[in-house]
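Taken together, the values in this text are just the output of simple stated rules run on the coordinates, not laboratory data. The shown structure was predicted, so the numbers you read here are calculated from the model rather than taken from an experiment. Every residue, glycine as well, gets a Cβ built from its backbone with ideal geometry; the counts of neighbours run over all protein chains shown.
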Amino acid sequence: MSEGIKLGNRELEFMNLFELISSVKVKDCIVDDDFNRIIFIVNPKEVGLAIGKNGERVQIFKKMTSLDAEVLPYYENAEEMIRGCFFPFEIREIKILTNAKGDKIAYVYTDPAIKARVIGAKGRNIARAKLIARRYFGIKNVIIV
């Protein structure tokens, strides 16, 4: 987990609850009040176990908290982490560039036919990618091209 990330009591409580439900060690937890969801970051090899068969563990969490749970794999590489935010959609390429102000911007290239689905309903998927990119890699913006 990136240094400087601080977890409050709320995040720690959600992490503990999800670990009890899933038996998977959670690396990080992000509360996204805009979309009424909790994003859990876990080891890539444990994503399936954390979600459970047919999403059963995520559903148990939702019944207990009235919040959606999303499980993402943790990667130390920015491109892999951002790609994981858009799974299962095919991402052709991710380029991280620095603009004139010195801000890092991630450009995510995908098939134009699925661009709207990659962005997600009401921008749900792109919002998740922006949260992750900013939190872990200091990337100011994520743009779908």
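Counting only the Cα atoms, the range 91-133 fills a convex hull of 79 Å³ per residue.
For the range 23-29, the Karplus equation 6.51 cos²θ - 1.76 cosθ + 1.60, evaluated at θ = phi - 60°, returns couplings of 6, 10, 6, 8, 7, 7, 9 Hz by residue, with Gly and Pro reported as x. Give the shape of the chain as rounded, prolate or oblate, defined through the alpha-carbon gyration tensor: a ≥ b ≥ c are the square roots of its eigenvalues, a/c under 1.5 means rounded, and otherwise the shape is prolate if a/b is larger than b/c and oblate if not. Since a/c reaches 1.5 and a/b is larger than b/c, the shape of the chain is classed as prolate.
Would you calculate, for the chain, the mean residue ellipticity at 222 nm contributed by helices, counting each DSSP H stretch of 4 or more residues as -39,500 (n - 2.57) and dividing by all residues, to the nearest 500?
Working: 6 runs with 56 residues, N = 145.
For the chain, the value works out to -11000 deg cm²/dmol.
Cβ-Cβ distance of L7 and N43, R₀ of 22 Å, FRET efficiency by 1/(1 + (r/R0)^6): the value works out to about 0.80. Between D33 and D68, the modelled label-to-label distance comes to 1.8 nm, taking each label 7 Å out from Cα in the direction of the beta carbon.
Axis of helix 124-137 versus longest Cα principal axis of the chain: the two differ by about 80°, to the nearest ten degrees. Near K140: Cβ cut-off under 11 Å, other residues only, Lys/Arg at +1 and Asp/Glu at -1. The net charge is +3. Using C-alpha pairs below 8 Å separated by at least 6 residues, the relative contact order for the range 78-144 is 35 percent.
Could I have the simple spin-label model distance between Y75 and A113, label points 7 Å from Cα toward Cβ, reported in nm to one decimal? Label-label distance for Y75 and A113, simple model: 2.4 nm.
The relative contact order of the range 9-73 comes to 31 percent, based on Cα pairs under 8 Å that sit 6 or more residues apart. Among L67, L12, the order by Cβ neighbours within 10 angstrom, fewest to most, reads L12, L67. Using a cutoff of 8 angstrom between alpha carbon atoms and counting only pairs six or more residues apart, the relative contact order for the chain works out to 17 percent. Of T65, N54, I39, whose Cα points farthest to the positive end of the dipole of the range 9-73 (charges on the beta-carbon: +1 Lys, Arg; -1 Asp, Glu; origin at the Cα centre)? Result: N54, furthest along the dipole toward the positive end. In whole Å, how far is the Cα centre of the range 87-145 from that of the range 57-71? What the calculation gives is 25 Å, centre to centre. Would you mind checking the tilt of helix 9-22 against the longest principal axis of the Cα atoms of the chain, expressed as 0 to 90 degrees and rounded to 10? The angle comes out at about 70 degrees.
Please report, in debye to the nearest 20, how large the charge dipole of the chain is about its Cα centre when each Lys and Arg carries +1 at its beta carbon and each Asp and Glu carries -1 there. Walk me through the numbers before you get to the answer.
Details: 24 positive and 19 negative charges, 62 e Å.
Approximately 300 debye in magnitude.
Give the value in nm², to one decimal: projected area of the alpha carbon convex hull of the range 9-73, averaged over all directions. The partial results should precede the final answer.
Numbers: hull surface 15.2 nm².
Convex hull of Cα atoms, orientation-averaged projection: 3.8 nm².
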